[in-house]
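Q: Encoded as structure tokens, here's the structure I'll be asking about.
Quick note: the coordinates plus some simple rules give every number you see, no bench work behind them. If you're wondering where the values come from, they're calculated on a predicted model, not measured in any experiment. Don't worry about glycine lacking a Cβ; one is built from the backbone with ideal geometry, like all the others, and counts go over all protein chains shown.
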Amino acid sequence: MTEPVELTTDLHSRAEVLPRVTRLGRTSAQATSAPAPVAPVLSAIGLFTVLLGASLPLIDFFIVNVALPAISSDLHASAAVLELVVAGYGVAYAVLLVLGGRIGDTFGRRRLFLAGMAAFGLTSLACGLAPNAWTLVGARVAQGAAAALMMPQVLATIHSATRGKRHAKALSLYGATAGLSMVAGQILGGVLVAANIAGTDWRAVFLVNVPVALVGLVLAVRTVPETRSAHPTPIDGPGTALLAVSLVTLLAPLTEGRAAGWPVWTWVSLAIFPFAAYSFYAVERRADRAGRTPLVPPSLFELPGMRRALPMVLPFSIGFGGFMFVIAVALQEGLHYGPVAAGLALAPMAAAFFVASLGGPRLIGRYGSRVVTVGGLLQAAGVAVLAVTVARDWSNLTVLDLVPGVTLAGFGQGLQLPLLMRLVLTGVPAERAGVGSGVMVTAQQSALALGVATLGTLFLSLAPSHGMRDALVTVLVVQLAAVVVTALMSLRLTAMD
């Protein structure tokens, strides 16, 4: 009597290949379990590919900083136009990021990643071949739009195609890539401008993207799995338009106001911003409560990671974006460093960030979110050391004098950013991975652009009357305040441990 039982058990264990044996002993085709869909898996090479895609937009946000003097000289661009070269990219990128995430959720993230990578390569070529300053501005806006198609797919793919420890490791590597790319952009920019490869001068900072994009396309076709939302939703037209108006009315006047002499349009734009922002929130909240899926669902911010960690990304990124822009201008215009020296001055920061980001996951596993607080304190100490160094002997300041401050600050940043990005996405469902990653990257990118606009404007306004040294020290003190705010906010993360 044991044999039939053993047979039935065996058949049940192989239900994927044999019909199910029912309790009455009959077979039923309808009872046969359909094969479960295979979850997409992101291989190591696939992860490298999407991280390569993630690095390009961030590198190109900062790579221009050390190339601005050469662009000004070659294209006879005014200060206002040069700021548009920076801001046009940043604003287009920030405005379209969430929309890019939503489109990827609907039509496939791999497909959008490929389209964004191809468009980024083409627009980079257009930037590198620009015959005049205004053509360069237009190409930079298009390049920012291409980056907005590609970037949200990276985090969404990681979120949907990795699990468990691999998921945590992939997010940590993403955070490390983001931080390194922001620093490496200025270092690479300085080296490329100085190298003047085949007489390309500043154009090389854009042309270098073309072969990288081609390699990325080849790798992505072979290694990046297709993922999309199980429940795609239509594009939120009103939300998209109001988000664009909100970001443009804030970032455009802050970026262009000083160079343009603060004309009337800048004040009108700033006056419109709070109304546009409130209208955006009201429209999104109404859609969310009605059961629709808005561009930025307010309910998303009820998730612990979004509620606690995302607000910390804002002061961190404002200070970081402003510092990177200001230090490039101060070293080149104030101390007459060449582009290579101005870029390499930040090499210790990049190295320290890399080391900290590698050790961060292990420290987090042992000490939890307290690592973020310690990172904030270390960064604050580094910025303070840098401010004292600049104030003490500005006229004789060398690259070696900057090493202690930038190294300490970079190590502190490396302990913070990767974990913050990981925490922001904690609990975001896989089907909302695109919108979740789009919201996070939009917040980060908007804050970086806001940092360039506010701290950059503060520095450039003070420099003519107070001198480069005092202007730089003032900006470092403001950044120090932002770092302290971030460190204090990190105390709220203990509830997530």
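Q: Testing the spin-label approximation: label points 7 Å from Cα along Cα→Cβ at ARG366 and ALA230. State their distance in nm.
A: 3.9
Q: Given the Cα-Cα distance of ARG289 and LEU400 and 0.36 nm per residue of separation, how much length would full extension add, in nm? It would help to have the intermediate numbers written out before the result.
A: On the way: separation 111, 0.36 × 111 = 39.96 nm, distance 5.67 nm.
Contour length minus Cα-Cα distance gives 34.3 nm.
Q: Further, regarding this structure: Once R0 is set to 25 Å, what does the formula 1/(1 + (r/R0)^6) return for the Cβ-Cβ distance between VAL477 and LYS169, expressed as a FRET efficiency to the nearest 0.05?
A: Values: r = 37 Å, r/R0 = 1.48.
Using R0 = 25 Å, I get an efficiency of 0.10.
Q: Oh, and also: In square nanometres, what is one fourth of the surface area of the convex hull spanned by the alpha carbons of the stretch 180-234?
A: The orientation-averaged projected area of the Cα hull of the stretch 180-234 comes to 6.4 nm².
Q: Would you kindly state how much longer the chain becomes between ALA260 and SER279 on full extension, computed as 0.36 nm times their sequence separation minus their alpha carbon distance, in nm to one decimal?
A: On the way: separation 19, 0.36 × 19 = 6.84 nm, distance 2.85 nm.
Roughly 4.0 nm would be gained on extension.
Q: Hey, another quick one. Could you state the number of Å between the C-alpha centres of the stretch 236-260 and the stretch 144-169?
A: After rounding, the separation between the Cα centres reads 26 Å.
Q: At what distance in nm do the modelled label points of LEU214 and ILE45 sit from each other, each positioned 7 Å from its Cα along Cα→Cβ?
A: 1.9
Q: So how strong a dipole does the stretch 44-496 carry about its Cα centre when Lys and Arg Cβ are +1 and Asp and Glu Cβ are -1, to the nearest 20 debye?
A: My answer is approximately 1620 debye.
Q: With unit charges on the beta carbons (Lys and Arg positive, Asp and Glu negative) and the dipole taken about the Cα centre of the chain, which residue among ALA67, VAL248, ALA87 sits farthest to the positive side?
A: The one lying farthest along the dipole's positive direction is VAL248.
Q: With θ taken as phi - 60° and the coefficients 6.51, -1.76 and 1.60, list the Karplus ³J(HN,Hα) couplings across the stretch 446-460 in order, rounded to whole Hz; mark glycine and proline as x.
A: After applying 6.51 cos²θ - 1.76 cosθ + 1.60, I find 4, 5, 4, 5, 5, x, 4, 5, 7, 5, x, 5, 4, 5, 5 Hz.
Q: I've got another one for you. Work out from phi, with θ = phi - 60° and the Karplus expression 6.51 cos²θ - 1.76 cosθ + 1.60, the ³J(HN,Hα) of each residue of the stretch 262-274, listed in order in whole Hz, and give x for Gly and Pro.
A: 6, x, 4, 4, 5, 6, 4, 4, 5, 5, 6, 3, x
Q: Counting other Cβ atoms within 10 Å, which trypsin sites (Lys or Arg not before Pro) in the stretch 287-366 have at most 14 and lie in a DSSP loop?
A: Qualifying residues, ordered by number: ARG292.
Q: For the chain, rounded, prolate or oblate, judged on the Cα gyration tensor with a ≥ b ≥ c (square roots of eigenvalues), a/c < 1.5 rounded, else prolate if a/b > b/c?
A: Because a/c hits 1.5 or more and a/b exceeds b/c, the chain counts as prolate.
Q: Using the alpha-carbon centroid of each, what span in Å lies between the stretch 301-337 and the stretch 200-214?
A: Each part reduced to its Cα centre gives a spacing of 25 Å.
Q: Shifting gears a bit: Could I have the simple spin-label model distance between ASP393 and HIS336, label points 7 Å from Cα toward Cβ, reported in nm to one decimal?
A: 2.0
Q: By per-residue mean of other Cβ atoms within 10 Å, what is the highest-first order of 117-127, 184-194?
A: Highest-to-lowest ranking by the protection proxy: 184-194, 117-127.
Q: Is the stretch 443-497 rounded, prolate or oblate when judged by the Cα gyration tensor, a ≥ b ≥ c being the square roots of its eigenvalues, rounded requiring a/c under 1.5 and prolate requiring a/b larger than b/c? Walk me through the numbers on the way to the answer.
A: Working: a/c = 5.92, a/b = 2.12, b/c = 2.79.
Verdict is oblate for the stretch 443-497.
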